[in-house]
1. So what's the net charge close to Asp65: Lys and Arg +1, Asp and Glu -1, counting the other residues with Cβ under 13 Å from its Cβ?
2. Past the 23 angstrom mark, what percentage of all C-alpha to C-alpha distances in the chain do you count?
3. What lysines could a cross-link reach from Lys268, if we take a straight Cα to Cα line under 23 Å and drop same-chain neighbours fewer than 8 places away?
4. Roll a 1.4 Å probe over the protein chains and send me the accessible area per residue for segment 107-195 in Å².
5. For Lys269, go through the aspartates and glutamates and keep the ones whose alpha-carbon is under 12 Å away, minus same-chain ones fewer than eight residues off.
6. Within 10 Å of each candidate Cβ there may be at most 12 other Cβ atoms; applying that plus a DSSP loop requirement, which trypsin sites (Lys or Arg not before Pro) in segment 186-233 survive?
7. Using the beta-carbon distance between Cys106 and Phe66 and R0 = 22 Å, what value does 1/(1 + (r/R0)^6) give for FRET efficiency, to the nearest 0.05?
8. Per-residue ellipticity at 222 nm for the chain, helices alone: DSSP H runs ≥ 4 residues times -39500 (n - 2.57), over residue total, nearest 500 deg cm²/dmol?
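The values are calculated or read from the model by the stated rules, or taken from the named source; none is laboratory data. Note that the structure is predicted; figures quoted are calculated from it, not measured. Backbone-built Cβ (ideal geometry, glycine too); neighbour counts: all protein chains shown. We work out accessible area using only protein heavy atoms, side chains counted, and drop any ligands, DNA or RNA first. Shrake-Rupley method; radii C 1.70, N 1.55, O 1.52, S 1.80 Å.
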Amino acid sequence: MPEISEVRIMSDFINQVAGRTENFVGISKNPEHKSKTNLHLPFESFQLRADARGKELRLKFISLDFNYEEAETRIMTFTMGMSGNWNYSKDLFSIPKHTHLTIVDCNGGVLGMHDVRRFARWDWRSWNPERGHDPVQETELFKKDILENLMKDRIFQKPIFEVMMNQKYFNGVGNYLRAEILGRIDLDPRLSAENYITRVGEQFFNITEKVIVESYILGGGQFKDWYNQADLEKKKSKEFQAWMQFYFNKERCKPIKDKQDRNFWIDKKWINDK
């Protein structure tokens, strides 16, 4: 957490805040955070635009300094770790605890990036070229990349439930999404990725996209360290919990460890409990 749906929801939230704000006037870091990224901007007044790709969130800082040339911009890209999120506060005195990056608007309001576990990272760059295509916004490229490498890359000889955590091919997929995607396909998720995808065919890509889109529409997975800022009354959270059929479903599923010692919730029908 957060996964592709939650990162896109954060991008939406930032754009909503930016849409209500005439301009921003500064960016700074909590001195307790270990990031060494220089936050200097070559302009004093700017607007923000956010977008998301898989597990990465990108902020475009757009200069509002008056000139007759094309607006100067700078790009900062974030990985949100296990608990990174965004908030908005009316002033510097009311920002939530664990807020590590703050962007102040012209009215004194503060857009903040908070992270309880401090795994979130940011830098002046665009998308990481080592991450794969977005399964929803770049569907055809995502599918093409997997199919072209299915029999070339040895990674696909590993079980599909492990390969789906590989961000080179499944950018944005994490623990709960892999459980829900593979759980909805009637095939043993311990099969090799090559075997699994070949046997399932087009349905594999259709269900992957469908599950991700549904989780986004439902407001994302609101777990212990992450929640949807637009759903503080937890209305969508209840719908999301009802939507999950496999992840952390102890009656239907059993956790097994992958090679990274992470729990994968597998349907009990695939396990021989002799």
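1. -3
2. Values: 21012 of 37401 pairs.
Beyond 23 Å sits 56 percent of the P(r) for the chain.
3. Lys158, Lys250, Lys254, Lys257, Lys259
4. On the way: 3960 Å² over 89 residues.
Here the residues of segment 107-195 average 44 Å² of exposed surface.
5. Excluding near neighbours in sequence, the set is Asp186, Asp188, Glu251.
6. On the way: sites: Arg190, Arg199, Lys210, Lys224; in loops: Arg190, Lys224.
Sparse-neighbourhood loop trypsin sites (Lys or Arg not before Pro): Lys224.
7. Numbers: r = 15 Å, r/R0 = 0.69.
My answer for the efficiency is 0.90.
8. -8000 deg cm²/dmol
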